[in-house]
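Encoded as structure tokens, the structure appears first; notes follow it.
The values are calculated or read from the model by the stated rules, or taken from the named source; none is laboratory data. Computed from a predicted structure; not experimentally measured. Counting neighbours? That spans all protein chains shown, and the Cβs are built from the backbone with ideal geometry, glycine included. Only protein heavy atoms, including side chains, enter the accessible area calculation; ligands, DNA and RNA are left aside. Shrake-Rupley method; radii C 1.70, N 1.55, O 1.52, S 1.80 Å.
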Amino acid sequence: MCGIVGFIGKEQASPVVLRALTKLEYRGYDSAGVASISDSKILLKKDVGKIAEVQGKYALDGLPGTIAIGHVRWATHGKVTVANAHPHMDCDGKIAVVHNGIIENYQELRHQLEGDHKFVSDTDTEIVCHLIETYMRMGNSLEQAVIAAIQQLVGSYALAVISVDEPNKIVAVRKSSPLVIGIGDGEYFVASDALSFLDKTNQVIFMEDDEVAVIAGDGVDIYNKKGKHVNRKPTKIEWEWDQASKNGHDYFMLKEIIEGPEAIQNAATQDKKHVMDVAMTILRAEQVVITACGSSRYAALIGRYLFSQLAGKFCDVVMASEFQYFASSIDKHTVVIAVSQSGETADVMEGVKMARDKGAKIISIVNVPGSSLARIAHKALYLNCGPEICVAATKSFIAQLVIFYLLSFAMMNKLDQGTKQLKGLSVGVNGSFDENSQKLMVLADKLHEQGNFYYIARGINFAMASEGALKLKELSYIHAEGMPAGELKHGTIALIEEGTPVVAICPNDETYHETVSNAIETKARGAFIIGVSDRDNEVYDAWIKVPEVEDIFYPLSVVLPLQLLAYYLAVRLGKDPDKPRNLAKSVTVK
Ligand code: AGP
């Protein structure tokens, strides 16, 4: 949800900011802009469209000066227009601001400011420029003005601010939106995600809520909201930017799908003592709740089956955006497991903060090192799958499953055995990649004009049906529903018509016969059945053969074709699978 960047150094800043923005484009791609300071002026270029389009029109990297800020937008307040694109400026064009988040009280503030200030956009961000302008006009320094301005803001924000009156500093501040400072050699970054500047430095300072950073050409000073200096040492991020390149593939998505087996290996490589410790915390808890959104929630639903089937530990999964409504049931005897690739999802963070305040123990399962969720949790387990750039979760979903397997095996005191089985599995899961790719491409060609897909499965694989449907919806914009196969006849079967594709996930386990029966019921109404299974059946119109594995591991066996089907349909329809419309990878607004 919007990405912000700031850079100050010795070289021209705009090309550096542009490069960094390109790596943040997964956060938003409605519009883009850069502002720099040169000759006591703010120079600004911005427009609607993806970065490459805006760069093509305006040469964002041509802006002079050694200090600049930039933004990629995922629109919240105000339509996708040039005026609403960031950076925004004050009345005199002396202050420029980029923002990620939502200022909830912006309407009241706008009414207060409108008499003295000229507004040119519909955004909540513009009020921040005018508030800072107000306080600077009173004689405050830029940082004093920013501190005064944020006292009036309600909502979430990561802000980077520059002013021609103090041209050698960027002032940055955060509340409930991510912000990281990069410490280079005589050069400094501030960004929504460290990934954006990892090619330059891996020394980072994670800002905490309500902290204000003054980033100058010769160092960084951090203050709390009372203006007191805070000492914070940089930490090192182990990720490499190279891990986030397309590696010769057309799209990040395909590359990240192919990295699935490696993701299993890496996620299964954990500190044994730490996994045991986390597993025992879960096992001993009176109540366990898992919270997450989207694909992470589907991984959690599979985790719930694993905890129950392998370790006899019952738990509930609550959608993060709904978690706050269960607050009265959370107490110090509760363990909350929060699952998130980004570790920044606002809904998850809000639920976790609520649970923490109520005394619950927080365990996080995250990918991004140093993310807000990893830092707020009492115990964190990392996915170790490297940067995931495509908006759709693929390898991170697989890694999340692996963590749930590890925890379940650890609860049974069989962690070594589980780790070995998982690592062994990683060799085979992509085994039929080429053959399945061919078949799925043909299917995508045949089915790309269908308006509705249904995904069915039972037991531990039910969530795989939902995950397959989510992948299809977000990438190809085809309506899809995933559901327990037995539930179909309670209403949804009414939607099955001649030719409606039904993806039946029916591995050769205890669910096979019943799922096949449910597929037959849809076939009787004209459905086109795509069987995702290790066992053939005459009901299938197309059979996507998956590796035969031990029953509990089938989610890892069926995941590849589900991801590939969505990918090939999106490509067949001419959509960009890496940047689906209306979406962003890191959903940092509620
Ligand atoms: C998955 O393909 C989606 N893009 C989305 O549902 C995602 O899983 C969800 O927004 C949660 O993100 P997180 O794992 O970073 O918290």
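For this structure, a couple of remarks:
- Count of region 424-456 residues, restricted to those that are assigned to a loop (DSSP other than H, G, I, E, B) and either among the polar types (S, T, N, Q) or open to solvent by 40 Å² or more (accessible area, probe 1.4 Å) (or both), is 6.
- Apart from one condition, Glu344 fits all of (1) among the charged types (D, E, K, R); (2) surrounded by fewer than 23 Cβ atoms within 10 Å (Cβ to Cβ); (3) modelled with pLDDT under 95; the exception is (2).
- Selection within region 533-577 - in a loop (DSSP other than H, G, I, E, B) and either of a type in the set (A, V, I, L, M, F, W, C) or open to solvent by less than 20 Å² (accessible area, probe 1.4 Å) (or both): Val539, Val546, Val549, Leu573, Pro577
Residue-wise test of (1) outside any helix (DSSP H, G or I); (2) open to solvent by less than 10 Å² (accessible area, probe 1.4 Å); (3) within 14 Å of the ligand (Cβ to nearest atom).
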position	(1), (2), (3)
Gly359	yes, no, no
Ile389	yes, no, yes
Ser396	no, yes, yes
Ala399	no, yes, yes
Val402	no, yes, no
Tyr405	no, yes, no
Phe409	no, yes, no
Gln417	no, no, no
Leu422	no, yes, no
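- Search result, residues across region 314-324 that are assigned to a helix (DSSP H, G or I) and open to solvent by 10 Å² or more (accessible area, probe 1.4 Å): Ser321, Glu322, Gln324
- In this structure, Thr123 does not satisfy being among the β-branched types (Val, Ile, Thr), within 29 Å of the chain's Cα centre (by Cα), open to solvent by 20 Å² or more (accessible area, probe 1.4 Å) and in the same structural domain as Asn224 (by TED's automatic domain parsing).
- Of residues in region 290-313 being outside any helix (DSSP H, G or I) and open to solvent by less than 10 Å² (accessible area, probe 1.4 Å), the one nearest to the ligand (Cβ to nearest atom): Ala292
- Given (1) more than 21 Å from Ala292 (Cβ to Cβ); (2) touching a helix residue (DSSP H, G or I) at 6+ places or on another chain (Cβ under 6 Å); (3) modelled with pLDDT under 95, index of the condition Asp434 fails: (2)
- Any chance Ala285 is within 14 Å of the ligand (Cβ to nearest atom) and either of a type outside the set (Gly, Ala, Ser) or surrounded by 15 or more Cβ atoms within 10 Å (Cβ to Cβ) (or both): no
- For Ser196, the criteria (1) under 19 Å from the mean Cα position of the chain (by Cα); (2) farther than 19 Å from Ala68 by Cα; (3) not in a loop (DSSP other than H, G, I, E, B) hold in every case but one, which is (2).
- When Val80, Val48 are screened for being hydrophobic (A, V, I, L, M, F, W, C) and surrounded by 19 or more Cβ atoms within 10 Å (Cβ to Cβ), only Val48 passes.
- Beta carbons closer than 7 Å, at least 6 apart along the sequence or on distinct chains, pair a first residue in region 578-590 that is farther than 16 Å from Ala320 by Cβ and open to solvent by 50 Å² or more (accessible area, probe 1.4 Å) with a second that is within 8 Å of the ligand (Cβ to nearest atom) and outside any loop (DSSP other than H, G, I, E, B) for Leu583/Glu474.
- Only one entry of Ala480, Ala457 meets the criterion of being under 30 Å from Asp576 (Cβ atoms), within 16 Å of the ligand (Cβ to nearest atom) and assigned by TED's automatic domain parsing to the domain that holds Gln400, and that entry is Ala480.
- Meets criteria (buried (at least 24 other Cβ atoms within 10 Å of the Cβ) and more than 11 Å from the ligand (Cβ to nearest atom)) for Ile337: yes
- Set Lys225, Lys169: member being touching a helix residue (DSSP H, G or I) at 6+ places or on another chain (Cβ under 9 Å) and not in a loop (DSSP other than H, G, I, E, B): Lys169
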